[in-house]
Protein chains: 2
Amino acid sequence: MTAAIMTISIMQAQESLHFDVPCISPQVNSDSTVTLRLRAPKAKSITVSGFGEEPLAMKQDSTGTWSTTTSVLKPDFYTYSFNVDGVRIIDPSNAYTARDIAALFSEVIVPGGNANLYTVHDVPHGTVSKVWYYSPTLGMRRRMTVYTPARYEDDTNSYPVLYLLHGSGGDEEAWNELGRASVILDNLIADGLAVPMIVVMPNGNADQSAAPGQTSEGLYVPDASRSRTEPLKFEQAFSDIMTFVESHYRTCPQKSGRAIAGLSMSGGHAWRISYLRPDDFDFIGLFSAAVRFNGTDIDEIDDTLKTGINRQFANPPKVYWLAIGKDDFLYDHNAHYRTLLDNLGIQYSYHESQGGHTWTNWRDYLVLFLPMLFK
Amino acid sequence: MTAAIMTISIMQAQESLHFDVPCISPQVNSDSTVTLRLRAPKAKSITVSGFGEEPLAMKQDSTGTWSTTTSVLKPDFYTYSFNVDGVRIIDPSNAYTARDIAALFSEVIVPGGNANLYTVHDVPHGTVSKVWYYSPTLGMRRRMTVYTPARYEDDTNSYPVLYLLHGSGGDEEAWNELGRASVILDNLIADGLAVPMIVVMPNGNADQSAAPGQTSEGLYVPDASRSRTEPLKFEQAFSDIMTFVESHYRTCPQKSGRAIAGLSMSGGHAWRISYLRPDDFDFIGLFSAAVRFNGTDIDEIDDTLKTGINRQFANPPKVYWLAIGKDDFLYDHNAHYRTLLDNLGIQYSYHESQGGHTWTNWRDYLVLFLPMLFK
């Protein structure tokens with residue numbers, strides 16, 4: 001066999017791949033529209049979801065390829081799917097997907113604005129590790145995602161730690177997959193806009209040891225019910241995470257070296273953990289947070305809560321940051337909580353964005369929150 | 001808002017998920033068949049590929065759900081896809097996928113035999129990290145997957161290192177995604193069948209810094225041409241990988257503490273690296289290897305090669321293991337190489353399997369190879 005033939009036959013036979021990408025999709029256009037294409041000569045109707053409130057209809061050309069072009073889009077990391085005659089599919093021409101609970105979505109980035117921070121650049125990259133720790137409180141091995149910044153392995157410095165928590169239905173993969181956390185961190189740190197930090201993304205579902213497929217339960221169908229658990233169970237077991245992190249990484253194990261943030265369900269986690277540990281966190285981020293205590297919404301500040309909040313703010317955190325979108329279903333809930341804080345004379349920062357309870361907002365909030373930390 | 005309503009509304013609104021899993025698929029049956037289902041009332045023809053040589057036809061029931069049940073399958077980790085009226089899709093009911101170059105495949109495990117080693121068990125798990133190093137030889141930052149065994153972070157011992165290399169079209173993700181490497185390692189180490197070791201899975205495409213989507217080139221369409229490079233370029237830059245690993249991990253930096261193995265293209269890498277570094281590796285695994293030198297097949301042993309091989313085996317490695325399937329397109333090529341070794345009186349081990357140039361075989365070979373290492 002000659003070298004040339006050998007090379008070709010390896011290419012053809014290697015890794016069982018005999019699949020022609022049928023068309024170019026997605027195609028990001030210079031005017032910030034995206035063209036989607038799907039070759040499906042026999043389909044009767046195809047739509048694409050993920051670019052706006054309503055699905056977009058696609059049109060078939062004479063060769064059997066369907067396509068549509070979106071309106072001008074805001075810069076962002078978009079996730080989308082096709083519906084082909086009632087069957088929801090990802091884009092077969094696109095190798096890049098993110099999982100949201102049980103569903104896969106195709107990915108595309110419309111550049112500009114913050115989306116440039118969601119895009120990998122040729123900068124020093126941190127290490128992203130899937131790490132297992134044992135939780136004595138929960139009696140199980142549990143998995144977390146840990147980001148260590150680019151120079152961590154090359155020096156002997158200690159680094160501050162952000163605990164970054166996911167929402168209901170998510171797991172230790174969510175912030176990195178849907179939230180682009182490690183890409184955002186690489187870029188902000190390279191630009192000098194965030195200090196190098198360790199970011200710990202644990203699994204916040206107290207009854208679940210790890211993301212679906214990573215446990216002895218096998219390849220089950222994920223569903224959001226895995227997030228349901230008794231009140232305070234995750235919060236009570238949080239010390240196991242801190243103990244593990246501070247004994248296995250070079251951290252700054254004091255209030256000024258610790259931050260905690262979460263979205264939605266885990267905005268509640270971050271609220272309660274920082275409330276229960278007033279001496280532990282100087283930087284607290286509540287993204288679209290479900291601020292609740294003992295399993296119920298906080299309608300008024302009773303004596304217990306007042307004592308707790310006053311204790312937390314007697315030596316106040318440096319940053320106590322709330323962010324929510326105007327269309328978020330938790331907007332009123334958050335507004336009520338801010339009023340309670342105002343009535344107590346508590347100082348906090350507040351960011352109000354457009355939009356609702358979405359990863360678009362949570363990525364933006366992370367971009368705003370990270371530069372405030374450890375300064 | 002009451003607690004109960006709040007919980008429901010979080011569940012409904014969280015993470016943009018409004019997707020009902022339409023049917024149970026895949027369903028692994030107790031007789032080692034697998035039933036696949038897809039709800040597609042308007043489809044005219046559906047097949048499923050991945051279970052045998054030919055696609056299986058699916059049949060539609062009166063509700064619009066298509067299904068088929070495979071024949072009895074050997075235990076394995078299977079990857080499959082549907083073809084719906086000419087459109088190749090993954091199984092919409094299955095959240096688990098692996099990427100092979102540009103194509104995604106749905107995953108299912110038929111238990112038993114080695115497939116039990118491809119299944120996550122409740123045993124101590126190693127850490128899987130995506131680590132970037134700088135290669136002075138190639139002038140680029142490059143990404144590797146590193147497995148450190150379960151107790152690595154808890155002790156101060158030094159560990160031996162296996163360098164595990166992917167084939168053409170693959171990258172630093174391939175061995176862990178398609179090869180189930182970290183799951184196999186966790187299970188074999190927990191069973192005492194393999195010694196705890198560090199496993200380094202670099203990117204073997206010398207002109208590529210990282211897997212698709214992980215570089216500043218963005219979300220391009222992957223293709224196998226990324227593996228094409230000038231002869232010996234990866235091999236010459238391999239010292240950068242060893243230098244990084246041995247300066248950043250607690251290794252046993254001598255011949256008895258190093259192994260190298262690769263499949264297909266990188267069976268060639270492992271062959272050449274171990275040939276060029278006769279004092280560095282005591283354990284060498286050539287899986288379906290493309291054994292070539294200076295860019296051409298080895299048809300006969302000339303004086304240069306004879307000198308090199310004799311130098312390598314003057315102080316022979318403890319394990320020099322070749323494995324190939326009877327139907328592999330590289331079978332004759334490997335048989336010829338074994339004859340050349342025989343003519344030189346070189347000692348090696350040889351494993352011949354059924355089947356061809358497939359991940360089924362490469363996973364099996366890894367299971368056979370790991371227990372031989374560092375003993």
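A few notes on this one:
- Condition met for A:I309 (away from chain B (no Cβ under 14 Å) and in contact with a Leu (Cβ under 7 Å, 6 or more places away or on another chain)): yes
- Residue in the range B:71-78 that is part of a strand (DSSP E or B), under 13 Å from B:L36 (Cα atoms) and open to solvent by 20 Å² or more (accessible area, probe 1.4 Å) present: yes
- Of the residues making up the range B:84-112, those that are over 20 Å from the mean Cα position of the chain (by Cα) and part of a strand (DSSP E or B) are B:V84, B:V87, B:R88, B:I89.
- Residue within the range B:117-134 that is more than 30 Å from A:L219 (Cβ to Cβ), more than 7 Å from chain A (Cβ to nearest Cβ) and either more than 16 Å from the chain's Cα centre (by Cα) or in contact (Cβ under 8 Å) with a residue 12 or more places away in the chain (or both) present: yes
- Tally, over the range A:23-70, of residues that are of a type in the set (F, W, Y) and open to solvent by 70 Å² or more (accessible area, probe 1.4 Å): 0
- Once the range B:268-306 is narrowed to residues that are free of Cβ contacts under 8 Å to residues at least 60 places away in the same chain and of a type in the set (G, A, S), the residue that is farthest from the other protein chains (Cβ to nearest Cβ) is B:S274.
- Scanning the range A:113-148 for residues that are farther than 19 Å from A:S182 by Cβ and part of a loop (DSSP other than H, G, I, E, B) gives A:P136, A:T137, A:L138, A:G139.
- The set of residues in the range B:89-115 being open to solvent by 40 Å² or more (accessible area, probe 1.4 Å) and within 11 Å of chain A (Cβ to nearest Cβ) consists of B:P111 alone.
- Test: A:E153 is free of Cβ contacts under 8 Å to residues at least 40 places away in the same chain, open to solvent by 10 Å² or more (accessible area, probe 1.4 Å), under 26 Å from A:P253 (Cβ atoms) and touching a strand residue (DSSP E or B) at 6+ places or on another chain (Cβ under 8 Å): yes
- Boolean, A:S239 is within 12 Å of chain B (Cβ to nearest Cβ), open to solvent by 30 Å² or more (accessible area, probe 1.4 Å) and of a type in the set (G, A, S): no
- Selected residue (criterion: modelled with the lowest pLDDT) from residues of the range A:320-346 that are within 24 Å of the chain's Cα centre (by Cα) and of a type in the set (G, A, S): A:A335
- Counted residues, the range A:165-220 - those being open to solvent by 10 Å² or more (accessible area, probe 1.4 Å), among the aliphatic types (A, V, I, L, M) and over 15 Å from the mean Cα position of the chain (by Cα): 5
- Filter result for A:S216 (part of a helix (DSSP H, G or I) and either under 24 Å from A:S129 (Cα atoms) or modelled with pLDDT of 95 or more (or both)): no
- Test: residue in the range A:227-241 that is under 30 Å from A:V123 (Cβ atoms) and in contact (Cβ under 8 Å) with a residue 40 or more places away in the chain: yes
The values are calculated or read from the model by the stated rules, or taken from the named source; none is laboratory data. Treat the numbers as computed from the prediction; the structure is a model and nothing was measured. All Cβ positions, glycine included, derive from the backbone under ideal geometry; neighbour counts span all protein chains shown. Just so you know, the surface numbers come from the protein's heavy atoms only, side chains and all, with ligands and any DNA or RNA stripped out. Shrake-Rupley method; radii C 1.70, N 1.55, O 1.52, S 1.80 Å.
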